[in-house]
Amino acid sequence: MAADRRPKGATLDLRRRLLSSSCRLFFPEDPVKIIRSQGQYLYDEQGREFLDCINNVAHVGHCHPTVVQAAHEQNLMLNTNSRYLHDNIVDYAQRLSETLPEELSVFYFLNSGSEANDLALRLARQCTGHQDVVVLDHAYHGHLSSLIDISPYKFRALDGQKEWVHVAPLPDTYRGPYREDHPNPAEAYASEVKQVISIAQEKGRKLAAFFAESLPSVGGQIIPPAGYFSQVAEHIRKAGGLFVADEIQVGFGRVGKHFWAFQLEGENFVPDIVTMGKCIGNGHPVACVATTQAVSRAFEATGVEYFNTFGGNPVSCAVGLAVLDVLKTEQLQAHAANVGSFLMEHLNQQKAKHPIIGDVRGSGLFIGVDLIKDETLRTPATEEAEYLVSRLKENYILLSTDGPGRNVLKFKPPMCFSLDNAQHVVAKIDDILTDMEEKVRSCKTLKIQPNSVKHLSGKRDLCLSPEIPQYFNFHLLDN
């Protein structure tokens, strides 16, 4: 294509002229122009290969031939809306039902995770007759107005918290109020939700739902303590609400041990509604809501039709079926468990070596590395994390950060991410952190202080080098 031959600078100029600046790029100072992909790799306009550690949308691998072929073949035959009978949509619903608890037996098909969460909110409100929602702090559930309202990650920077939204603490056992040394963090964090519910009820509010990602991602790759969600479900149901599990980032085998992340809570835990998106279509716009017969019947009782023009179309369902086929034939759930365990083990070895790594947490190929400035306060090492990600990009590894402090390295790669890939990334992280620490030690030997660096002409370049940020340098000099 002619656009592939356009220089990167020209593409960037066109983007700046035609697209809003609110549509941001990765690495805005030096963005990557990607023109091709395969498996866990992305290729720029110069043919350079980048290892993709963050694209959980391309779940079974970029441009997987089975998925591409399924879409192409169905496109050649038929693509229309779901008001006509077609086998693909019922076959797909049947296949999804086989992965879920039997109570979750009714399916709605949509085009994006945001649409799925918006519908889940409607279902919960119609079923309960209530309006209010409890969410976790720092949560993000989508870009629609209804979902911005239940996403503290977004609404705190916009119009603020609505009176019908109630925020509970993130169940973070590393830097939250109840940590790894607490005798029962699950009960303690669930009691916080109970208290939030009680305060809302005292104000005359009625709860429709508790909304949560099964593993909070934007919140910092959080692994809630076992038993937390079961207790929360008990509290919200006692208040007349439903439990909504957002699996958009973490479903379809990513956690390794189970097909769905909510199943980490145990086989007896069943949400009232489960939402799916992103990885469900391997890059094709597909989404789904699964719920119970009781919730569905309450929604049907309005007499108002639910119709989504593109949701559940034959091509989307063919793609969804192909993704399930690849997951099974290539045993990617087991692969995620194996590679994820290997990656966690080697990252923990780096934690023992580098003080900046405060915590390594995760399940399968959903892993967070929490970078800190000091062990006691666990202050987020935000700038250091940004610097590390930038250096990794220079080494053709694409990683990014998340969490309230933007200090958590997030690993959510395509599920074909290999043991060799994991070993390569960890080795590069080790090299970069070691390089940073060596430069800091050189500066520390000189006993340079921030207010005196400018007077040291001979050593200034060493300690103010762009390869070793001042914030990292001076922090360690103070210790």
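Listed conditions (1) closer than 24 Å to F27 by Cβ; (2) assigned to a loop (DSSP other than H, G, I, E, B); (3) modelled with pLDDT of 80 or more; (4) more than 20 Å from the chain's Cα centre (by Cα) are all met by E375, apart from (1).
Residue by residue through region 373-386, note down the ones that are among the hydrophobic types (A, V, I, L, M, F, W, C) and open to solvent by 10 Å² or more (accessible area, probe 1.4 Å).
Taking region 373-386 first, the residues among the hydrophobic types (A, V, I, L, M, F, W, C) are 377, 381, 385.
Selection gives L377 alone.
Taking (1) without any contact (Cβ under 8 Å) to a residue 40 or more places away in the chain; (2) assigned to a loop (DSSP other than H, G, I, E, B) in turn, R441 satisfies each apart from (2).
For (1) among the basic types (K, R); (2) in contact (Cβ under 8 Å) with a residue 40 or more places away in the chain; (3) open to solvent by less than 50 Å² (accessible area, probe 1.4 Å), each residue gets a yes or a no:
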position: Y140; (1), (2), (3): no, yes, no
position: K154; (1), (2), (3): yes, no, no
position: P177; (1), (2), (3): no, no, no
position: P183; (1), (2), (3): no, no, no
position: S198; (1), (2), (3): no, no, yes
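Counting only residues that are charged (D, E, K, R) and open to solvent by 50 Å² or more (accessible area, probe 1.4 Å), how many does region 330-364 have? Residues in region 330-364 being charged (D, E, K, R) and open to solvent by 50 Å² or more (accessible area, probe 1.4 Å): 4 in total.
Would you confirm whether any residue within region 125-146 is in a loop (DSSP other than H, G, I, E, B), among the charged types (D, E, K, R) and touching a strand residue (DSSP E or B) at 6+ places or on another chain (Cβ under 6 Å)? Scanning region 125-146, I find at least one residue that is in a loop (DSSP other than H, G, I, E, B), among the charged types (D, E, K, R) and touching a strand residue (DSSP E or B) at 6+ places or on another chain (Cβ under 6 Å), so the answer is yes.
Residues checked against (1) in a helix (DSSP H, G or I); (2) touching a helix residue (DSSP H, G or I) at 6+ places or on another chain (Cβ under 7 Å); (3) over 19 Å from H284 (Cα atoms):
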position: F307; (1), (2), (3): no, no, yes
position: A318; (1), (2), (3): yes, yes, no
position: H335; (1), (2), (3): yes, no, yes
position: Q349; (1), (2), (3): yes, no, yes
position: V360; (1), (2), (3): no, yes, yes
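The set of residues in region 396-407 being open to solvent by less than 50 Å² (accessible area, probe 1.4 Å), in contact (Cβ under 8 Å) with a residue 24 or more places away in the chain and out of contact with any His (no Cβ under 9 Å at 6 or more places or on another chain) consists of L398, L399, S400, D402, G405, N407. Among the conditions (1) of a type in the set (S, T, N, Q); (2) open to solvent by less than 70 Å² (accessible area, probe 1.4 Å); (3) out of contact with any helix residue (DSSP H, G or I) (no Cβ under 6 Å at 6 or more places or on another chain); (4) modelled with pLDDT of 95 or more, T66 misses just one, which is (3).
Quick one: in region 254-281, of everything that is over 14 Å from A116 (Cβ atoms) and in contact with a Cys (Cβ under 9 Å, 6 or more places away or on another chain), which residue is least open to solvent (accessible area, probe 1.4 Å)? If you could, list the steps in order and put the result at the bottom.
Within region 254-281, the first condition is being over 14 Å from A116 (Cβ atoms), and the residues that meet it are 254-270, 272.
Okay, now just the ones that are also in contact with a Cys (Cβ under 9 Å, 6 or more places away or on another chain), so 254, 272.
Details: R254: 1, D272: 25 Å².
Step by step, filter region 254-281, then rank; the result is R254.
Exactly one residue among K428, K393 is modelled with pLDDT of 95 or more, open to solvent by 20 Å² or more (accessible area, probe 1.4 Å), farther than 23 Å from Y153 by Cβ and in contact with a strand residue (DSSP E or B) (Cβ under 7 Å, 6 or more places away or on another chain), and that residue is K428. On inspection, I150 passes the criterion of being open to solvent by less than 20 Å² (accessible area, probe 1.4 Å) and among the β-branched types (V, I, T). Close Cβ contacts (under 6 Å, 6 or more residues apart or on different chains) running from residues in region 206-222 that are closer than 13 Å to V165 by Cα to residues that are outside any loop (DSSP other than H, G, I, E, B) and basic (K, R) comprise A208/R125. Residues in region 311-329 that are open to solvent by less than 10 Å² (accessible area, probe 1.4 Å) and β-branched (V, I, T) were compared, and the one that is farthest from the chain's Cα centre (by Cα) is V315. E300 passes every criterion in (1) farther than 21 Å from N81 by Cβ; (2) open to solvent by 20 Å² or more (accessible area, probe 1.4 Å); (3) of a type in the set (D, E); (4) free of Cβ contacts under 8 Å to residues at least 60 places away in the same chain apart from (1).
Name every residue in region 58-79 that is farther than 25 Å from R391 by Cβ and under 23 Å from the mean Cα position of the chain (by Cα), in order of residue number. Quick ask: steps written out before the conclusion?
Initially, region 58-79 is screened for residues farther than 25 Å from R391 by Cβ, giving 59-61, 63-79.
Matches in region 58-79: H59, V60, G61, C63, H64, V67.
The values are calculated or read from the model by the stated rules, or taken from the named source; none is laboratory data. Here the structure is a predicted model, which is why all the values come from computation and not from measurement. Please note: Cβ atoms are built from the backbone with ideal geometry, for glycine as well, and neighbour counts cover all protein chains shown. The area values use the complete protein model at the heavy-atom level, side chains included, leaving out ligands, DNA and RNA. Shrake-Rupley method; radii C 1.70, N 1.55, O 1.52, S 1.80 Å.
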